[in-house]
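Undergrad: Pasting in a structure now, in C-alpha cells, and then I'll have a few things to ask.
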Amino acid sequence: MGTPQQMKDAVQRCIDGHKDELHSLSRDIWSRPELAGNETHAHDRLVRFFSLDETWTVETHYRLPTAFRASWGPVGGGEGEPPVLNVCFLCEYDALPGIGHACGHNLIAEVGAAAALGLKAALEIQTELPQPVKIIVLGTPAEEAIGGKIDLIEAEAFADVDLVFMAHPAQQDVSFLSCVALDEVSVKYHGKASHASAYPWEGVNALDAAVLAYNNLSALRQQLKPEWRLHGIIKHGGEKPNIIPAYTELEFYLRTPRVKDLCDLKAKAEACFRAAAVATGCQVEIIYPSHGYCNILPNATLASLYENNGRALGIQFQEQVFFIYLAGSTDFGNVSFTVPGIHPFFYICTDAFNHTEEYAEAAGAEEAQLFTLRTAKALAMTAVDVVLLINKCWHAKLRCLSIYGKPPHIIIIII
Ligand SMILES: [Zn+2]
Ligand SMILES: [Zn+2]
C-alpha cells in the first residue's frame, strides 16, 4: 500500500523512466504531419506504443477510422462492489495544412500517453483501493477541422468515461482557459444571370446580396458584446464582370464566450443574411455545415488540484485574472459538457504563437520535452488525487455526486 506521496513519486519516476520512448513517439508523429481525419501513421504509432505492453487492451479504429482506445485495469475493488471509476486521458494528433504540427498536437499525444503510464505506475503500488479504477486512453482525431471529439461523443465513445484529462501547448501555463463557442455558417445566394451591360434589368444580382450581407454584418458588429466575434469571407463572388452573378457564397464564423449566447448571435447574423436577400430579390440558403463547438466549462476542483501538483513540479502559472478567454475554439468544449474534465494549457519553451511555422519548430524540439513531461506528471498526479478522494468518499460512506450519473456530471467531493 503506497501513501499518496509515494504514488505521486511513482508517477514521476515512471514518466522520467520512459522519457526517451515518449519523446520518440511525439517526434515521430511530428515528423509525419497528417491532416484531420487522415492520421493513419499517428494512429498506428500510438497503437504500437500501447500494444508493446500487453497489460493494455488496445482497440484500433475505435468508432472513427483514425481514433483508438487503450485501456488498463480495473485494479482494486472491495465490498459492496462499487462501480469502476474510469479515468480517461485524451491524445490529439492532427496537423495543419502547410505548416505541420503548428498547434503542437504531437505533444498532446505525448502528454496523454505519458500521464496514462504515470497513473498506471501509481495504481500498481496501490492495488487495494475499495473502488476499482480503470485507465482509458482515447485517441481523438480531427480536432483542427471537423471536431472529431464531437463525432466520438455522438458515437458514445465517452459513455463509460467518468473523468477526462488532456493538456494543450500554448504560450503560458494556465490551469483553465475558456475557449469560445463557435458555429460556422455557409450562406448561398441564388439570383439570375444576365448580360451585365446589354440587359442588366433581366438579372438578379447575387453578388449584391453577398456584399450587402457583408456590410450588414459589419454594421451589426458595433452592437455586439466586446467578446463576441464574427468574421468571414466571400467564397464565391461570380464568374465574369459581364455576367450578373447568379450565385454567390459566403462563409462566416460566429463566436461567443458562452454557448448559450451563440443563439442570440446566430439570430442577429441570420437577419443580416435574409435582409440582403430581400433587398436584392435573391433566394438565400443558410447552412451550418459542421459541428457547433461549445466553450470549455470550468472545473474548479480539478483546476485547483492541477495547480497544486504543477507548483510542486515547478510550474509557474499565469495569473488567470488577465487571461480568461482564448478567442480560439476546441472540441474539448463539447467534451466538458458531457464528462467532468480539465484542459490546461502549457508552455513549450517558445514565445511563438500557435499556428505559425516557428511554433511547429518548437513542438518538435528537444527543449519542449521538459515542459511536456512536467505537464503529463501534473495531470497524472491530479488523477491520483481524484482517485484517492473519491475512494475516501466511498470508504467513509459519504455521497460523492454525481460522477456516475448522467447528467449532470458534476463532481462534488466531500472531504
Ligand atoms: Zn490549433
Ligand atoms: Zn490545437
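Undergrad: So if I check each of 357, 366, 361, which one is closer than 28 Å to residue 36 by Cβ and free of Cβ contacts under 8 Å to residues at least 24 places away in the same chain?
TA: The conditions single out 361.
Undergrad: Can you tell me which residues in region 30-62 are touching a strand residue (DSSP E or B) at 6+ places or on another chain (Cβ under 8 Å) and surrounded by fewer than 17 Cβ atoms within 10 Å (Cβ to Cβ)?
TA: Result: 35, 51, 55, 57, 59, 60, 61.
Undergrad: Moving on to the next point. Hey, can you tell me all the residues within region 123-142 that are over 19 Å from residue 392 (Cβ atoms) and surrounded by fewer than 23 Cβ atoms within 10 Å (Cβ to Cβ)?
TA: 124
Undergrad: Next up: Answer yes if at least one residue in region 90-97 is surrounded by fewer than 22 Cβ atoms within 10 Å (Cβ to Cβ) and either over 17 Å from the mean Cα position of the chain (by Cα) or part of a strand (DSSP E or B) (or both), and no otherwise.
TA: The answer is yes, given that some residue of region 90-97 is surrounded by fewer than 22 Cβ atoms within 10 Å (Cβ to Cβ) and either over 17 Å from the mean Cα position of the chain (by Cα) or part of a strand (DSSP E or B) (or both).
Undergrad: Would region 38-56 turn up any residue that is among the hydroxyl-bearing types (Ser, Thr, Tyr) and either assigned to a helix (DSSP H, G or I) or over 30 Å from residue 127 (Cα atoms) (or both)?
TA: Checking region 38-56: at least one residue is among the hydroxyl-bearing types (Ser, Thr, Tyr) and either assigned to a helix (DSSP H, G or I) or over 30 Å from residue 127 (Cα atoms) (or both).
Undergrad: Of the residues in region 105-137, how many are away from ligand 2 (no atom under 16 Å from the Cβ) and either within 19 Å of the chain's Cα centre (by Cα) or under 30 Å from residue 182 (Cα atoms) (or both)?
TA: 6
Undergrad: Moving to a separate point now. Just to check your reading of the model, which residue among 158, 176 is surrounded by 19 or more Cβ atoms within 10 Å (Cβ to Cβ) and either more than 30 Å from residue 359 (Cα to Cα) or charged (D, E, K, R) (or both)?
TA: Unique residue meeting the criteria: 158.
Undergrad: Select from region 175-213 the residues that are over 30 Å from the mean Cα position of the chain (by Cα) and either more than 23 Å from residue 239 (Cα to Cα) or in a loop (DSSP other than H, G, I, E, B) (or both) and list them in ascending order.
TA: Correct list: 191, 193, 194, 196, 197, 198, 199, 203, 205.
Undergrad: Separate question: Only residues in region 95-114 that are closer than 10 Å to residue 169 by Cα and in the same structural domain as residue 142 (by TED's automatic domain parsing) count as the first member; pair them with residues that are of a type in the set (Lys, Arg) and more than 12 Å from ligand 2 (Cβ to nearest atom), Cβ under 8 angstrom, at least 6 apart or cross-chain, and list the lot.
TA: Pairs that qualify, where the first residue is closer than 10 Å to residue 169 by Cα and in the same structural domain as residue 142 (by TED's automatic domain parsing) and the partner is of a type in the set (Lys, Arg) and more than 12 Å from ligand 2 (Cβ to nearest atom), are 106/27.
Undergrad: Test residue 51 against the criterion of being among the polar types (S, T, N, Q) and either touching a residue at least 24 places away in the same chain (Cβ under 8 Å) or closer than 25 Å to residue 102 by Cβ (or both), and give yes or no.
TA: The answer is no for residue 51.
Undergrad: Looking at 225, 149, can you tell me which residue is more than 30 Å from residue 133 (Cα to Cα) and among the basic types (Lys, Arg)?
TA: Going through 225, 149 in turn, just one is more than 30 Å from residue 133 (Cα to Cα) and among the basic types (Lys, Arg): 225.
Undergrad: If a residue has to be of a type in the set (D, E, K, R) and under 18 Å from the mean Cα position of the chain (by Cα) to count, how many in region 246-262 make the cut?
TA: Total satisfying the criteria: 2.
Undergrad: Name the strands (runs of 3 or more DSSP E) wholly inside region 244-354 in which the number of residues that are farther than 23 Å from residue 146 by Cβ and of a type outside the set (Ser, Thr, Tyr) is 2 or more.
TA: Filter on region 244-354 gives 283-287.
Undergrad: What residue, among those in region 140-172 that are in a strand (DSSP E or B) and within 15 Å of ligand 2 (Cβ to nearest atom), is nearest to residue 335 (Cα to Cα)?
TA: Only one residue tops the list, namely 168.
Undergrad: Another question about this same structure. Which condition does residue 374 not pass, out of (1) closer than 28 Å to residue 82 by Cβ; (2) at pLDDT 95 or above; (3) of a type in the set (Lys, Arg), if it passes all the others?
TA: (1)
The values are calculated or read from the model by the stated rules, or taken from the named source; none is laboratory data. Here the structure is a predicted model, which is why all the values come from computation and not from measurement. A quick note on method: Cβ atoms are made from the backbone with ideal geometry, for glycine too, and the neighbour counts reach across all protein chains shown.
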